[in-house]
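**Student:** Please see the structure below; I have some questions.
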Amino acid sequence: GSGDGQGQILQRFPEKDWEDNPFPQGIELFCQPSGWQLFPERNPPTFFVAVLTDINSERHYCACFTFWEAVESPQPQSHARNGEGEEEEEDEEEGSAPVQPAQLFAPKSLVLVSRLDHAEVFRVSRG
(Lines give C-alpha, C1' and ligand atoms only; values in the text may rest on other atoms or scores of the structure.)
Protein backbone atom coordinates (compact mmCIF):
# COMPACT_ATOMS: atom_id res chain seq x y z
CA GLY A 1 0.00 0.00 0.00
CA SER A 2 2.91 2.41 0.56
CA GLY A 3 4.26 2.06 -2.98
CA ASP A 4 7.64 0.83 -1.72
CA GLY A 5 9.09 -2.22 -3.40
CA GLN A 6 12.24 -4.02 -4.35
CA GLY A 7 14.20 -3.70 -7.55
CA GLN A 8 14.33 -6.71 -9.81
CA ILE A 9 16.82 -7.50 -12.55
CA LEU A 10 14.78 -8.23 -15.68
CA GLN A 11 17.66 -8.78 -18.11
CA ARG A 12 21.42 -8.81 -17.93
CA PHE A 13 24.21 -9.21 -20.42
CA PRO A 14 26.14 -11.44 -20.28
CA GLU A 15 23.54 -13.80 -18.88
CA LYS A 16 26.15 -15.74 -16.88
CA ASP A 17 29.08 -14.41 -14.86
CA TRP A 18 32.50 -14.31 -16.44
CA GLU A 19 35.08 -15.97 -14.25
CA ASP A 20 37.26 -12.86 -14.02
CA ASN A 21 34.37 -10.39 -13.85
CA PRO A 22 31.33 -11.46 -11.80
CA PHE A 23 28.06 -9.53 -11.93
CA PRO A 24 28.01 -6.83 -9.22
CA GLN A 25 25.75 -7.91 -6.37
CA GLY A 26 23.15 -5.37 -5.23
CA ILE A 27 23.21 -3.36 -8.45
CA GLU A 28 19.42 -2.93 -8.16
CA LEU A 29 19.93 -1.10 -4.84
CA PHE A 30 22.49 1.17 -6.48
CA CYS A 31 20.02 2.20 -9.23
CA GLN A 32 17.45 3.57 -6.75
CA PRO A 33 19.33 4.53 -3.57
CA SER A 34 16.15 6.06 -2.09
CA GLY A 35 14.24 2.82 -2.69
CA TRP A 36 11.98 1.55 -5.46
CA GLN A 37 8.76 3.53 -5.17
CA LEU A 38 5.66 4.06 -7.28
CA PHE A 39 4.61 7.67 -7.96
CA PRO A 40 1.28 9.13 -9.09
CA GLU A 41 3.06 11.26 -11.74
CA ARG A 42 5.70 10.44 -14.35
CA ASN A 43 9.04 11.82 -13.19
CA PRO A 44 11.61 13.15 -15.65
CA PRO A 45 14.38 10.72 -16.65
CA THR A 46 17.60 10.80 -14.63
CA PHE A 47 21.19 9.88 -15.45
CA PHE A 48 24.23 9.55 -13.23
CA VAL A 49 27.68 7.98 -13.33
CA ALA A 50 29.17 6.50 -10.16
CA VAL A 51 31.81 4.10 -8.91
CA LEU A 52 30.92 0.96 -6.98
CA THR A 53 33.58 -0.80 -4.95
CA ASP A 54 32.89 -4.47 -4.27
CA ILE A 55 33.92 -6.62 -1.32
CA ASN A 56 37.26 -7.40 -3.03
CA SER A 57 38.00 -3.66 -3.48
CA GLU A 58 37.42 -3.97 -7.24
CA ARG A 59 35.97 -0.84 -8.81
CA HIS A 60 32.97 -0.95 -11.13
CA TYR A 61 32.20 2.20 -13.10
CA CYS A 62 28.45 2.48 -13.63
CA ALA A 63 26.24 4.67 -15.78
CA CYS A 64 22.60 4.55 -14.71
CA PHE A 65 19.71 5.90 -16.80
CA THR A 66 16.26 5.77 -15.16
CA PHE A 67 12.93 6.43 -16.81
CA TRP A 68 9.33 5.91 -15.66
CA GLU A 69 6.78 3.42 -16.97
CA ALA A 70 3.04 3.47 -16.34
CA VAL A 71 1.70 0.59 -14.23
CA GLU A 72 -1.76 -0.06 -12.88
CA SER A 73 -2.29 -0.03 -9.16
CA PRO A 74 -3.83 -3.22 -7.77
CA GLN A 75 -6.22 -1.08 -5.70
CA PRO A 76 -9.11 0.67 -7.49
CA GLN A 77 -9.46 4.39 -6.95
CA SER A 78 -12.84 6.07 -6.57
CA HIS A 79 -13.54 9.66 -7.53
CA ALA A 80 -15.55 10.24 -4.34
CA ARG A 81 -13.70 12.57 -1.99
CA ASN A 82 -14.80 11.31 1.42
CA GLY A 83 -16.43 7.98 0.57
CA GLU A 84 -19.96 8.96 1.63
CA GLY A 85 -22.76 7.53 -0.54
CA GLU A 86 -24.63 10.84 -0.77
CA GLU A 87 -21.67 12.63 -2.30
CA GLU A 88 -21.13 9.80 -4.80
CA GLU A 89 -24.69 10.32 -6.05
CA GLU A 90 -24.01 14.03 -6.47
CA ASP A 91 -20.79 13.24 -8.38
CA GLU A 92 -22.71 11.03 -10.81
CA GLU A 93 -24.68 14.07 -11.93
CA GLU A 94 -21.36 15.72 -12.84
CA GLY A 95 -20.53 12.77 -15.13
CA SER A 96 -17.87 11.04 -12.99
CA ALA A 97 -16.43 7.81 -14.34
CA PRO A 98 -16.93 4.45 -12.62
CA VAL A 99 -14.28 3.17 -10.24
CA GLN A 100 -11.02 2.77 -12.20
CA PRO A 101 -7.62 1.40 -11.22
CA ALA A 102 -5.24 4.21 -10.28
CA GLN A 103 -2.37 4.75 -12.72
CA LEU A 104 1.03 4.88 -11.11
CA PHE A 105 4.54 5.19 -12.50
CA ALA A 106 7.39 2.82 -11.69
CA PRO A 107 11.09 3.47 -12.27
CA LYS A 108 12.99 1.32 -14.77
CA SER A 109 16.77 1.60 -14.99
CA LEU A 110 19.33 0.73 -17.64
CA VAL A 111 22.82 0.30 -16.22
CA LEU A 112 26.16 -0.05 -17.99
CA VAL A 113 28.94 -1.44 -15.83
CA SER A 114 32.61 -1.25 -16.77
CA ARG A 115 35.87 -2.12 -15.07
CA LEU A 116 37.51 0.71 -17.04
CA ASP A 117 37.39 4.32 -15.87
CA HIS A 118 36.08 6.12 -18.96
CA ALA A 119 32.97 7.92 -17.71
CA GLU A 120 33.19 10.46 -20.54
CA VAL A 121 32.09 7.68 -22.95
CA PHE A 122 28.73 7.52 -21.15
CA ARG A 123 27.99 11.22 -21.53
CA VAL A 124 26.73 12.93 -24.64
CA SER A 125 28.87 15.89 -25.60
CA ARG A 126 27.13 18.87 -27.12
CA GLY A 127 29.26 21.28 -28.84
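**Student:** Select from region 22-53 the residues that are in a strand (DSSP E or B) and farther than 24 Å from ALA119 by Cβ and write down the one among them that is farthest from the chain's Cα centre (by Cα).
**Tutor:** PHE39
**Student:** In region 93-122, how many residues are open to solvent by 90 Å² or more (accessible area, probe 1.4 Å) and either modelled with pLDDT of 70 or more or in contact with a helix residue (DSSP H, G or I) (Cβ under 9 Å, 6 or more places away or on another chain) (or both)?
**Tutor:** Result for region 93-122: 8.
**Student:** Where residues in region 1-53 are of a type in the set (Asp, Glu) and closer than 21 Å to LEU104 by Cβ, which of them is modelled with the highest pLDDT?
**Tutor:** GLU41
**Student:** Let me ask something else. Would you tally the residues in region 64-92 being modelled with pLDDT under 90, among the small types (Gly, Ala, Ser) and assigned to a strand (DSSP E or B)?
**Tutor:** Final tally of qualifying residues: 1.
**Student:** Between a first residue in region 35-61 that is of a type in the set (Val, Ile, Thr) and a second residue that is open to solvent by 60 Å² or more (accessible area, probe 1.4 Å), which pairs have beta carbons less than 6 Å apart while being 6 or more apart in sequence or on different chains?
**Tutor:** Qualifying pairs under 6 Å: VAL51/ARG59; THR53/ARG59.
**Student:** Looking at region 54-70, which of the residues that are aromatic (Phe, Trp, Tyr) and either under 14 Å from the mean Cα position of the chain (by Cα) or over 15 Å from VAL111 (Cβ atoms) (or both) is most open to solvent (accessible area, probe 1.4 Å)?
**Tutor:** PHE65
**Student:** For region 1-38, give me each residue that is open to solvent by 70 Å² or more (accessible area, probe 1.4 Å) and among the hydrophobic types (A, V, I, L, M, F, W, C).
**Tutor:** ILE9, LEU10, PHE13, TRP18, LEU29
The values are calculated or read from the model by the stated rules, or taken from the named source; none is laboratory data. Owing to the predicted nature of the structure, the values given are computational and were not obtained by experimental measurement. Note: ideal-geometry Cβ built from the backbone for every residue, glycine included; neighbour counts use all protein chains shown. Each accessible area value is taken on the protein alone, full model and side chains, heavy atoms only, with ligands, DNA and RNA left out. Shrake-Rupley method; radii C 1.70, N 1.55, O 1.52, S 1.80 Å.
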